[in-house]
Amino acid sequence: MAQTDVLIVGAGPTGLVLALWLTRQGLKVRIIDSSGGPGETSRAMAVQARTLELYRQLDMADAVIAAGYKTPAMNMWARGKRRARIALIDAGEEISPYPFVLIFPQDRHERLLVERLLALGVAVERRTELRSLEDKGDHVAAVLQHGDGREETFTALYLAGCDGARSTVRRQIGGGFEGGTYKQLFYVADVVANGIDPAGEGHIAFDKSDFVLVLSYGEADQYRLVGTVRGERTEHPENLAFEDVAKDAIDGLQIKVSHVNWFSTYRVHHRVADHFRRGRAFLLGDAAHVHSPAGGQGMNTGILDAINLAWKLAAVVKGRAPDGLLDSYAAERQAFARTLVETTDRLFSFATAGGGFAEFVRTRIAPIFASAAYRSEYLREAMFRIVSQTTLNYEESPLSAGKAGDVKGGDRLPWVRDTDNYQPLPAIGWQVHVYGEARADVRAWCDQHHLPLHMFAWRPAYQKAGLAQDAVYLLRPDTYVALADPHGSVATLNRYFEERRIRLTS
Ligand SMILES: Cc1cc2nc3c(=O)[nH]c(=O)nc-3n(C[C@H](O)[C@H](O)[C@H](O)COP(=O)(O)OP(=O)(O)OC[C@H]3O[C@@H](n4cnc5c(N)ncnc54)[C@H](O)[C@@H]3O)c2cc1C
């Protein structure tokens, strides 16, 4: 007998969210971290719309929004001149109930997650480090070391490696972490500054081969700067200070920094692990993929890894699905991580490339594109879709089937503003949506299987969103469409569950 269902190694955002979602679904977890307390630096700033949509499942979206700051707009500068201002507050108003980019620094975010977890009766065990693990076939045995040097062997049905970019779990399960490291040295600095115009907004400025990203915390004169360190200063990063950073772009913005609260440099890697699963061990978050912070995707991707895996672990541990369901975690999330790493790599290489042509494109061509985007609603929306992770889909997954209207199995359910069809989604469980009338046999089938059926009286807005009248949309516990059946038939529903050997009750 294993001592717990899931041992979670690492209590960063990924591990904390996994612990929350597993506990909420009735699994027993133990969550350990080698550090003495939650992170105290701001690091990841943006909480994307898709994360907020899923935070609704644990009634956390409103608390995060209340504690965060909605960036009003992003300004683009090239060589000291402002070229575009893109309003962000309602950039995705037709796409998501959360149509903005929310700034909520990672240290505050982690504290909120720790509190929510405590409220569910689970405390993070600090100064407890995973040293090694062994897959015993029907459980995992992990060797843990406590702060006082004491060693303990602990057993769990499954082990989740949420232990960051230098993951011990990844080393233990073997396999590569292929990719590379950018030659530039990056810095992040939390500063007190003035001169930023408009104040309280986001800015990205390019100058020669240099760039700076400025984000507002929504507090007077408090900003986060991200940029590159001057080439000749990168030999001993540990000795660097804010004075060493590249200043062309900063000067172009006419920022006057009066105080530096926190300054850190880091090398940016772009890598994806070969295996997201090996036997009973999984890799999630930075342990599985790292990439540039351009676009603010890193932490959000880890959180979505955790939510993807949590319902599958819950189904398998409760005996409602075969162990093979867990393979779909790797299939779905590794494919996404690879695409993300490639995209951010292209973006980042573009933002930092040296040479006359790159500089010309960055400071002359890109601003024209940005100002066009600012005028075009379509382009603004397209940018929101990408950054917010609302276009992410699992269409290629073995768990996805069918197509009804424009919506395929594996897609995120389109959100319809008129009626907020996301209202039933906080429930973590399978559910059926029918836009129009459900057939009588479908109603009876849902009743018989205790599967919530949500019917929405047909209206043209559903068609505009790509939904088909009277079709059956079966949703997974993480709210993605599992099956889209235009005929709304019970036979297709039955076949979906039978083929995957998933049961709705234990
Ligand atoms: C300086 C800096 C700036 C950043 N800026 C941004 C940004 O602007 N935008 C963005 O999206 N991302 C940014 N990131 C990245 C972001 O912080 C990560 O993507 C995010 O923290 C990943 O979360 P995680 O939970 O997967 O891993 P982590 O937050 O790294 O958490 C891993 C946890 O595991 C613990 N641990 C490690 N090994 C063990 C072990 N053997 N046993 C027990 N516990 C262990 C660690 O103590 C740690 O608490 C930044 C990172 C840094 C360092």
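Values for this structure:
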read-out: Filter pass, residue 119 being in contact (Cβ under 8 Å) with a residue 60 or more places away in the chain, out of contact with any Gly (no Cβ under 6 Å at 6 or more places or on another chain) and over 23 Å from residue 253 (Cα atoms); value: no
read-out: Qualifying residue in segment 162-175 (condition: small (Gly, Ala, Ser), modelled with pLDDT of 95 or more and touching a Gly at 6+ places or on another chain (Cβ under 7 Å)); value: yes
read-out: Matching option when the condition is of a type in the set (A, V, I, L, M, F, W, C) and away from the ligand (no atom under 15 Å from the Cβ), among 283, 304, 326, 309; value: 326
read-out: Test result for residue 16, under 30 Å from residue 132 (Cβ atoms) and either free of Cβ contacts under 8 Å to residues at least 24 places away in the same chain or in contact with an Asp or Glu (Cβ under 9 Å, 6 or more places away or on another chain) (or both); value: yes
read-out: Subset of segment 117-151 [within 29 Å of the chain's Cα centre (by Cα) and basic (Lys, Arg)]; value: 126, 127, 131
read-out: Test: residue in segment 230-246 that is closer than 12 Å to residue 189 by Cα, in the same structural domain as residue 265 (by TED's automatic domain parsing), in contact with a Gly (Cβ under 9 Å, 6 or more places away or on another chain) and touching a residue at least 40 places away in the same chain (Cβ under 8 Å); value: yes
read-out: Residue list for segment 37-70, filter: within 13 Å of the ligand (Cβ to nearest atom) and either within 15 Å of the chain's Cα centre (by Cα) or farther than 30 Å from residue 127 by Cβ (or both); value: 43, 44, 45, 46, 47, 48, 51
read-out: Neighbours by Cβ (under 7 Å, 6+ apart or cross-chain): first from segment 126-142, without any contact (Cβ under 8 Å) to a residue 40 or more places away in the chain; second among the acidic types (Asp, Glu) and outside any loop (DSSP other than H, G, I, E, B); value: 141/134
read-out: Lone qualifier among 87, 63, 78, 46 - being under 23 Å from residue 297 (Cβ atoms) and in the same structural domain as residue 214 (by TED's automatic domain parsing); value: 87
read-out: Subset tally (residues that are at negative phi, touching a residue at least 60 places away in the same chain (Cβ under 8 Å) and buried (at least 20 other Cβ atoms within 10 Å of the Cβ)) for segment 453-492; value: 15
read-out: Index of the failed condition, residue 290 passing every other in (1) away from the ligand (no atom under 16 Å from the Cβ); (2) within 30 Å of residue 173 (Cβ to Cβ); (3) surrounded by 18 or more Cβ atoms within 10 Å (Cβ to Cβ); value: (1)
read-out: Residue 33, sole failed condition from (1) within 18 Å of the chain's Cα centre (by Cα); (2) within 13 Å of the ligand (Cβ to nearest atom); value: (1)
read-out: Subset tally (residues that are surrounded by 14 or more Cβ atoms within 10 Å (Cβ to Cβ) and charged (D, E, K, R)) for segment 414-438; value: 2
read-out: Matching option when the condition is within 14 Å of the ligand (Cβ to nearest atom) and either of a type outside the set (Ser, Thr, Tyr) or surrounded by fewer than 19 Cβ atoms within 10 Å (Cβ to Cβ) (or both), among 82, 111; value: 111
read-out: Any hit, segment 157-173, residues being acidic (Asp, Glu), assigned to a strand (DSSP E or B) and within 15 Å of the ligand (Cβ to nearest atom); value: no
read-out: Boolean, residue 24 is at pLDDT 95 or above, more than 9 Å from the ligand (Cβ to nearest atom) and over 18 Å from the mean Cα position of the chain (by Cα); value: yes
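The values are calculated or read from the model by the stated rules, or taken from the named source; none is laboratory data. Everything quoted here is computed from the prediction, not taken from an experiment. Here the Cβ is made from the backbone with ideal geometry for all residues, glycine too, and neighbour counts use every protein chain on show.
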